[in-house]
Amino acid sequence: LIGFLAFKISFSRNQLAGVLVGLFGAILLIYMGSNVNPDQNYWYAGLVVIATILYACNANIIKSKLQEVSAMGIAAGNFAFMVLPALIMMFYSGALSSTVREGEYFMSSLGYVILLSIIGTCVAKVMFNRLIQISSPVFSVSVTYLIPVVGIFWGLIDGERFSVWQVVASGIILLGVYLVNKKRNASQS
């Protein structure tokens, strides 16, 4: 929707239906989770909605304005822009206090954070940027609807309760992802 309204990027009816079905599934998943685990603060789900809107803006800017820039160049620009705020946050949060640095697991934890940032963030960001460039933004960002489904599994590992309605909501999300990709798959055959 943001691609159409702000960037004049067209989309199919299947893609619109898929986005709306997926959004409904995500809202249902959050609502049903709040019924099963009422002692949690669900206002943070609003941050996920804001992040999703910004994610859509990112994908559409890449598709409409940065098509000629390499995926690596886009990722480098993103991370260069984030360095100063990240450093400020790191120093003011106490993340590198002597208590933390002298902790028994500091070096191994730092190693895992570096590994995760290189593989899980940098490489994934370059691949995502390239995916946007060779496909549509709607197709590329449809995977974000899977994040709540993955969150359910992490919740199960953490001991949270889980309801049948959350399974239904997850199925609705997967249906939305299917609808977004339906036209693309049909045109490839």
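The values are calculated or read from the model by the stated rules, or taken from the named source; none is laboratory data. On a predicted model such as this, the values are computed, not experimentally measured, just so you know. Note that each Cβ is placed from the backbone with ideal geometry, even for glycine, and that neighbours are counted across all protein chains shown.
Structure values in brief
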read-out: Near pairs, Cβ below 9 angstrom, 6+ apart or cross-chain, from the range 1-15 (within 12 Å of Ala56 (Cβ to Cβ)) to any residue that is among the charged types (D, E, K, R); value: Gly3/Lys63; Phe7/Lys63; Phe7/Lys65; Ile9/Lys63
read-out: Some residue of the range 23-40 being in contact (Cβ under 8 Å) with a residue 24 or more places away in the chain, buried (at least 16 other Cβ atoms within 10 Å of the Cβ) and either polar (S, T, N, Q) or closer than 17 Å to Ser135 by Cβ (or both); value: no
read-out: Number of the condition not met by Ile147 [criteria: (1) assigned to a helix (DSSP H, G or I); (2) modelled with pLDDT of 80 or more]; value: (2)
read-out: Hits in the range 161-178 (condition: over 18 Å from the mean Cα position of the chain (by Cα), at pLDDT below 85 and surrounded by 15 or more Cβ atoms within 10 Å (Cβ to Cβ)); value: Phe162, Gln166
read-out: Subset of the range 97-144 (residues that are under 19 Å from the mean Cα position of the chain (by Cα) and of a type in the set (Phe, Trp, Tyr)); value: Phe128, Phe139
read-out: Residue selected from the range 3-21 under the condition of a type in the set (Val, Ile, Thr) and crowded, with 18+ Cβ neighbours inside 10 Å, by the criterion nearest to Lys65 (Cα to Cα); value: Val19
read-out: Meets criteria (in a helix (DSSP H, G or I) and over 30 Å from Phe139 (Cα atoms)) for Leu110; value: yes
read-out: Identity of the residue in the range 17-61, modelled with pLDDT of 80 or more and among the polar types (S, T, N, Q), that ends up farthest from the chain's Cα centre (by Cα); value: Asn60
read-out: Near pairs, Cβ below 6 angstrom, 6+ apart or cross-chain, from the range 157-175 (more than 26 Å from Ala17 (Cα to Cα) and in contact (Cβ under 8 Å) with a residue 24 or more places away in the chain) to any residue that is among the basic types (Lys, Arg) and part of a loop (DSSP other than H, G, I, E, B); value: none
read-out: Pick from the range 62-72, criterion exposed (fewer than 14 other Cβ atoms within 10 Å of the Cβ) and at pLDDT 90 or above, ranking: farthest from Cys122 (Cα to Cα); value: Glu68
read-out: Only listed residue being over 13 Å from Val126 (Cα atoms), in a helix (DSSP H, G or I) and touching a residue at least 12 places away in the same chain (Cβ under 8 Å), chosen from Ala80, Ala75, Ala56, Ala51; value: Ala56
